[in-house]
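J.: For reference, the structure I am asking about is given below.
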Amino acid sequence: MNPQRTWAGIGFLILSMICFAVLDAIIKYLVNLLPMVMVLWFRYLVQAVSTSVTLWPRQGRSLLHTQQPKLQLLRGFLLMMCSVLGFLSLQHMPLAEFAAIALLTPLAVTVLSRMLFKERISPLRWVLILGGFAGAMMIVRPGGHLSGAVAMLPLTMVLFYTAFQLLTSYMARTESPMTMHFYTGWVGTAAVSCLVYWHWTTDISALNWALLVVCGLLGSTAHYLFILAFARVTPVRLSPFLYLQVVFSTLAGWVAFSFVPAGWGLVGMLLIMVCGAAAGWLNAREKAPPALGTL
């Protein structure tokens with residue numbers, strides 16, 4: 001694999017993680033002030049409209065062309081379920097702990113990639129992934145203040161997000177990332193539009209209106225970068241870098257909500273950063289297997 005292509009994919013993923021961290025902070029703020037369904041609707045509507053306005057003048061009807069319409073609908077549904085469960089989780093959990101539980105996803109992706117795509121996973125890569133997982137668990141601290149019911153929300157989201165990641169990687173073989181992005185936004189918008197009428201309120205400040213728009217733009221940008229990353233690099237090679245989400249989310253939680261992880265949380269963050277840096281070094285030295293999709 002072209003090293004430049006690999007590093008470009010990693011860069012796209014890191015940028016998407018930063019966008020997701022800021023997005024989660026805004027969502028956590030908004031869902032405690034406004035109806036969750038309304039926030040979710042704006043998040044998808046802004047993504048759908050901004051994507052259409054940006055891409056339609058350049059691509060026209062070709063933007064609608066897809067070889068797998070049923071999978072486009074499925075992918076949109078999976079992401080919508082991730083959003084619903086994520087919004088519910090953020091109502092009750094700090095950003096860092098939410099991100100840490102969500103990072104069970106890379107392990108699930110790694111195992112399923114091995115089973116479904118016959119990808120080889122080196123022992124050292126297993127150590128790095130498991131090390132990142134251990135760091136995430138230090139932040140979550142099982143047996144801490146999270147109730148079982150609250151913990152089940154992000155755990156269920158992990159199941160949907162794992163399926164979403166693998167489906168994205170599979171569809172990138174034949175589908176344009178712009179087309180995937182277009183359908184994802186409109187599938188979510190259509191689904192949530194069936195519910196938003198009963199959850200609408202006009203008692204919103206100018207700041208919160210602006211944050212609703214920013215929320216949609218960040219979601220659109222983050223998921224487009226996510227598609228570009230998985231179109232260039234296999235899920236196994238990207239998985240270690242997903243642990244950076246905990247670092248970015250912890251920083252966002254500190255800035256926005258003055259929440260600072262305890263001592264074990266800081267140890268977990270350092271472990272995640274070490275594993276991520278080591279994975280980057282490994283990617284530069286190892287010959288990567290063919291990517292699952294190309295642009």
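J.: Using helices alone, I'd like the mean residue ellipticity at 222 nm for the chain: each DSSP H run of four-plus residues gives -39500 (n - 2.57), total over residue count, nearest 500.
T.: Working: 12 runs with 225 residues, N = 295.
Value at 222 nm, helices only, nearest 500: -26000 deg cm²/dmol.
J.: For segment 1-76 and segment 204-270, what is the separation of their C-alpha centers, rounded to whole Å?
T.: First find each Cα centre; the distance between them is then 13 Å.
J.: Give me D for segment 1-67 in µm² s⁻¹, whole number, from Stokes-Einstein with Rh from the Kirkwood sum over alpha-carbon pairs, 20 °C and 1.002 mPa s. Don't jump to the answer; show the numbers that get you there.
T.: Details: Rh = 14.9 Å.
Calculated translational D: 144 µm²/s.
J.: Turning to a different aspect of this structure: What ³J(HN,Hα) values, in whole Hz, does the Karplus curve 6.51 cos²θ - 1.76 cosθ + 1.60 give for segment 80-96 when θ = phi - 60°, with x put for Gly and Pro?
T.: For segment 80-96, the Karplus curve yields 4, 5, 4, 5, 4, 5, x, 4, 4, 5, 5, 5, 10, 10, x, 4, 5 Hz.
J.: What is the packing order of peptides 149-155, 197-203, taking the mean over residues of other C-beta atoms within 10 Å and listing the highest first?
T.: On the way: 149-155: 17.3, 197-203: 9.0.
Result, highest mean Cβ count within 10 Å first: 149-155, 197-203.
J.: Right, another one. Got a sec to turn the phi values of segment 9-21 into Karplus ³J(HN,Hα) couplings, 6.51 cos²θ - 1.76 cosθ + 1.60 with θ = phi - 60°, whole Hz, x for Gly and Pro?
T.: In residue order, the calculated couplings are x, 5, x, 4, 5, 5, 4, 5, 5, 5, 4, 5, 5 Hz.
J.: Rounded to whole Hz and in sequence order, give me ³J(HN,Hα) for segment 196-205 from the Karplus expression 6.51 cos²θ - 1.76 cosθ + 1.60, θ = phi - 60°, writing x for Gly and Pro.
T.: For segment 196-205, the Karplus-derived couplings read 5, 4, 7, 10, 7, 9, 9, 7, 10, 6 Hz, x marking Gly and Pro.
J.: Only counting other Cβ atoms within 10 Å, I'd like Phe12, Phe259 sorted with the fewest neighbours first. Please list the in-between numbers first.
T.: Working: Phe12 21, Phe259 15.
Least to most surrounded, the residues fall as Phe259, Phe12.
J.: So, one more: Can you check what the net charge comes to around Leu167, using other residues whose Cβ is under 13 Å from the Cβ of Leu167 (Lys, Arg +1; Asp, Glu -1)?
T.: Numbers: positive: Lys70, Arg75, Arg173; negative: Glu175.
After counting each charged neighbour, the total is +2.
J.: Based on the Kirkwood radius over alpha-carbon pairs, what value in µm²/s does the Stokes-Einstein equation return for the translational diffusion coefficient of the chain at 10 °C and 1.306 mPa s?
T.: On the way: Rh = 19.4 Å.
Taking Rh from Cα pairs, D becomes 82 µm²/s.
J.: Under unit Cβ charges (Lys, Arg +1; Asp, Glu -1), what dipole magnitude, rounded to 20 debye, does the chain have relative to its Cα centre? Mind showing how you got there, number by number?
T.: On the way: 17 positive and 6 negative charges, 185 e Å.
Charge dipole of the chain: 880 debye, to the nearest 20.
Quick note: the coordinates plus some simple rules give every number you see, no bench work behind them. It should be emphasised that the depicted structure is a prediction, and the values quoted were computed from it without experimental measurement. Here Cβ is always computed from backbone atoms with ideal geometry, including for glycine, and neighbour counts include all displayed protein chains.
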